[in-house]
1. Just checking, how many residues over the range 78-91 are more than 15 Å from residue 121 (Cβ to Cβ) and within 16 Å of the chain's Cα centre (by Cα)?
2. When the residues of the range 56-86 are narrowed to those that are surrounded by fewer than 19 Cβ atoms within 10 Å (Cβ to Cβ) and touching a helix residue (DSSP H, G or I) at 6+ places or on another chain (Cβ under 7 Å), which ends up nearest to residue 26 (Cα to Cα)?
3. Is it true that residue 44 is touching a strand residue (DSSP E or B) at 6+ places or on another chain (Cβ under 8 Å) and over 30 Å from residue 180 (Cβ atoms)?
4. Among the residues of the range 31-54, what is the count of those that are part of a helix (DSSP H, G or I) and either in contact with a helix residue (DSSP H, G or I) (Cβ under 9 Å, 6 or more places away or on another chain) or within 14 Å of residue 88 (Cβ to Cβ) (or both)?
5. Would you be able to say whether some residue in the range 6-25 is surrounded by 13 or more Cβ atoms within 10 Å (Cβ to Cβ) and modelled with pLDDT under 95?
6. Considering only the range 97-192, give the strands (runs of 3 or more DSSP E) lying wholly within it that have at least 1 residues that are modelled with pLDDT under 90 and farther than 23 Å from residue 49 by Cα.
C-alpha cells in the first residue's frame with residue numbers, strides 16, 4: 001500500500017529542510033547541536049583529556065578567539081594550571097547550568113568538576129563554554145576556566161564564580177591558596 005502525500009504538504013516539509021541546510025555555520029561551535037547536559041559532558045571530556053596529557057597548548061586552543069585575545073597571559077596561566085594538575089584525573093564533573101538559547105542567539109554552558117592532581121591535591125574547576133553565538137562568532141569556545149583549591153565550600157566569604165556576562169573577564173582565573181585572598185580586591189586583580 002502506497003502512502004499518498006499531497007504536493008503542497010511535501011513542499012512545506014522540504015522548504016525548512018533546505019533552508020536549514022543553507023544556514024551559515026558562523027557562530028555555531030561543535031557542541032551547539034547537543035543538549036545542555038551532553039554539551040557539558042563533551043566539554044568536560046575534552047578538558048579531562050587535556051589535563052591527563054598535561055596539554056597546555058591544547059587548553060589555550062580550546063578557548064574562544066575572544067578569550068585568547070582578552071587574556072594576554074593565557075598561555076602562561078595554562079602552563080601554570082598544568083603544572084598544578086597536569087597528569088591528574090578529572091572526576092565528579094557536573095552540568096551546572098546554561099544561559100541563553102537558540103532563539104536568543106547565544107548559549108553558554110557552565111560546568112564544574114573536581115580534579116585530583118598526581119600529588120593527591122584536589123582542585124575545583126568551574127568552566128564557562130560558549131557553544132553558540134550568532135552575533136559574535138569570536139566568542140564561541142571556552143570563555144573562562146576558574147580553578148580553586150579543593151572546593152567552593154572551603155572558599156572564604158565573598159567568593160563567587162564568574163558567569164557568562166561580559167562584565168566578567170574571559171580567560172583563566174587561578175586561585176592556588178585562600179591565604180590573603182580578599183573579596184574586595186582579589187576578584188579584580190589583573191593577575192587574578
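1. Initially, the range 78-91 is screened for residues more than 15 Å from residue 121 (Cβ to Cβ), giving 78-79.
Of the ones still in play, those that are also within 16 Å of the chain's Cα centre (by Cα) are 78.
So the count comes out to 1.
2. 65
3. On the way: touching a strand residue (DSSP E or B) at 6+ places or on another chain (Cβ under 8 Å): yes; over 30 Å from residue 180 (Cβ atoms): yes.
Against the criterion (touching a strand residue (DSSP E or B) at 6+ places or on another chain (Cβ under 8 Å) and over 30 Å from residue 180 (Cβ atoms)), residue 44 qualifies.
4. Applying the first criterion (part of a helix (DSSP H, G or I)) to the range 31-54 yields 36-52.
If we keep only those that are either in contact with a helix residue (DSSP H, G or I) (Cβ under 9 Å, 6 or more places away or on another chain) or within 14 Å of residue 88 (Cβ to Cβ) (or both) as well, we get 43-44, 46-52.
Qualifying residue count for the region: 9.
5. Keep residues of the range 6-25 that are surrounded by 13 or more Cβ atoms within 10 Å (Cβ to Cβ), which gives none.
Among the residues of the range 6-25, not one is surrounded by 13 or more Cβ atoms within 10 Å (Cβ to Cβ) and modelled with pLDDT under 95, which makes the answer no.
6. Working: elements: 106-116, 122-133, 141-149, 171-174.
The strands (runs of 3 or more DSSP E) meeting that bar are 106-116.
The values are calculated or read from the model by the stated rules, or taken from the named source; none is laboratory data. Note that the structure is predicted; figures quoted are calculated from it, not measured. Positions of Cβ are backbone-derived with ideal geometry, glycine not excepted, and every protein chain shown enters the neighbour counts.
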